[in-house]
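Before any comments, here is the structure.
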Amino acid sequence: MRQRDPRLRMPISRRQLLAAAGGLAAAAAAPAVSGCTITKGQPPIDTMGLGKDAASAPGGGKRKHNITMYSLWGSTVGQGLVNVARDFEKTHTDIGVRIVFAPTNGSTQQKLLTAVAGHEPPDVAQLVPLQTPQWAAMGIMTDLTPWFERDGLSLDDFFAPAVEAMTYNDRVYNLNWDADPNFPFFWNKKIFEDAGLDPDTPPKTIDEVDEYSAKILQRKGQRVTRIGMVPWDIYGSSNSLFTWGFAFGGKFRKPGSDAVTPDDEYVVKALEWMCDSAKKVGGPDAVSISPPSLTLHPFSTGNLAMAPLVAPNLRDIIDAKPDMEIGSGLLPYQPPGGTHVGQGAWIGGWSAFIPRYAKEPEAAWEFIKWWSASDEGTMSSWKHVGFPVSYKKSSSLQLMKKDPVMGPYYDTLVNSSNTRPPVLVADYYTAQLDDQISKAVYGQVKPLQAMRNVKENTMTELRRLQKELMGR
């Protein structure tokens, strides 16, 4: 782990906080891209079940401690978190949990950041784990290490990629409640049969992906009407490159530091392959495999043979197309940098933390610990929300393993060793990747130059932020 620079000082001003910590544009691939789903545009009204007041004490009146949690989530996920809080209140009768629906403003948690800057934060908040270094260095997060050690928790209790994003400078700053394994690999067996391929044998290497894709490809004039895979659009540009970059054996940062390495040999090779794949079919705009009004993932059309999918998309496809025969397995890889099937998978998700200046930190810790690092709490989360957990001792993992939809995600979770790089300027890095990858895929810049641009711009921003943090 990285050693803390003693020159970094707190506190940070409201202006600096809002300017430097502005959220993650599609970072998790926020949120639909990460495998988790936030329903944007939901009105913040509790009658929809997205918020709740703290429960009264068993005998009536207020409980001894009442905490507030900001929830970003709409739809069934937001309602599920309300039910998780109610389960907690049943067994922790001295702590009440108030949930406030606080959706992002675009991609920024402006309500949260404003509250922290004004010293009036909630007691519990959430973040995309890769934001940990920046938010910890800026003083947004409370160090959880004393409670973590006091209560006998161990980093070995969590999957390794989650641990990397839960910690900063050898300290624990958040607990990961949603592991979000990205991605299992799915294929349409009927398309395989139609193309003369064995429907029960998926490609194991990227070279085999290319071989399969050549047999699957169909055109109508200049339009591609059936395609093997769309590797340049796996839930956004940066997530695509993280996935295939890992599959090629690439590294996105220098180990133990904030230095980014998008120009790594195998990351560049992965981007070159993504660009070549687009060029072979006439460019991204030549792909016409789904109608504009389609609300399901394009895999549902029967015109896309292979795709990494997040769980909500897979579940929707199974519900809408029950007769579709779908194979599942681990992601293909590419020697010589890649060494095994599934290497491209990574863990994302969401974590819970205690913001600085929280008024009830002890009670907040009890809730976070129960929710993220106890069998009872993780089982409640699995029941009501349905996201995979990072806590390896949770009984929910065995339920996940046996679930017909979530089983492939269990396989990916236990085989994953990667996470998106949690560097001090993770948000900026991701935005730069999104911009430059898109330009490369559309032929506006060569892949190597695109990654050099990302590195130069990101390292410049890193130095700028370090200077600002040190000068406070």
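Values for this structure:
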quantity: Residue that is nearest to Val341 (Cα to Cα), among those in the range 211-222 that are touching a residue at least 60 places away in the same chain (Cβ under 8 Å) and assigned to a helix (DSSP H, G or I); calculated: Tyr212
quantity: Unmet criterion (only one of (1) over 17 Å from Ala440 (Cα atoms); (2) among the hydrophobic types (A, V, I, L, M, F, W, C); (3) touching a residue at least 60 places away in the same chain (Cβ under 8 Å)) for Leu296; calculated: (3)
quantity: Of residues in the range 164-210 being free of Cβ contacts under 8 Å to residues at least 40 places away in the same chain and of a type in the set (Val, Ile, Thr), the one farthest from Asn313 (Cα to Cα); calculated: Val172
quantity: Residue ID - surrounded by the most Cβ atoms within 10 Å (Cβ to Cβ), chosen from residues in the range 223-246 that are over 13 Å from the mean Cα position of the chain (by Cα), part of a helix (DSSP H, G or I) and among the hydrophobic types (A, V, I, L, M, F, W, C); calculated: Leu241
quantity: Top-ranked residue in the range 101-160 [being in a strand (DSSP E or B) and more than 17 Å from the chain's Cα centre (by Cα); ranked as nearest to Ser75 (Cα to Cα)]; calculated: Phe101
quantity: Which numbered condition Ala305 fails, given (1) touching a His at 6+ places or on another chain (Cβ under 8 Å); (2) crowded, with 22+ Cβ neighbours inside 10 Å; calculated: (1)
quantity: The range 64-95, subset under 17 Å from Trp350 (Cα atoms), part of a strand (DSSP E or B) and of a type in the set (Ser, Thr, Tyr), residue nearest to the chain's Cα centre (by Cα); calculated: Ser71
quantity: Any hit, the range 179-196, residues being more than 30 Å from Asp375 (Cβ to Cβ) and in a loop (DSSP other than H, G, I, E, B); calculated: yes
quantity: Test: residue in the range 249-260 that is out of contact with any Gly (no Cβ under 9 Å at 6 or more places or on another chain), crowded, with 22+ Cβ neighbours inside 10 Å and not assigned by TED's automatic domain parsing to the domain that holds Tyr168; calculated: yes
quantity: Candidates Ser394, Ser381, Ser351, filtered to the one that is in a loop (DSSP other than H, G, I, E, B) and within 27 Å of Met69 (Cα to Cα); calculated: Ser394
quantity: Matching residues in the range 315-334 - criterion: being more than 21 Å from the chain's Cα centre (by Cα), in a loop (DSSP other than H, G, I, E, B) and not basic (Lys, Arg); calculated: Pro322, Asp323, Met324, Glu325, Gln334
quantity: Failed item, numbered, when Tyr410 is tested on (1) aromatic (Phe, Trp, Tyr); (2) under 22 Å from the mean Cα position of the chain (by Cα); (3) outside the structural domain of Leu127 (by TED's automatic domain parsing); calculated: (3)
quantity: Search result, residues across the range 441-472 that are part of a helix (DSSP H, G or I), touching a Lys or Arg at 6+ places or on another chain (Cβ under 8 Å) and surrounded by 14 or more Cβ atoms within 10 Å (Cβ to Cβ); calculated: Ala450, Leu469
quantity: Failed criterion for Ala125 (all others in (1) out of contact with any Gly (no Cβ under 9 Å at 6 or more places or on another chain); (2) of a type outside the set (Lys, Arg); (3) farther than 23 Å from Tyr429 by Cβ; (4) at pLDDT 95 or above hold); calculated: (3)
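The values are calculated or read from the model by the stated rules, or taken from the named source; none is laboratory data. Since the structure is predicted, the reported quantities are computational estimates derived from the model, not experimental observations. Heads up, the Cβs are rebuilt from the backbone with ideal geometry, glycines too, and the neighbour counts pull from every protein chain shown.
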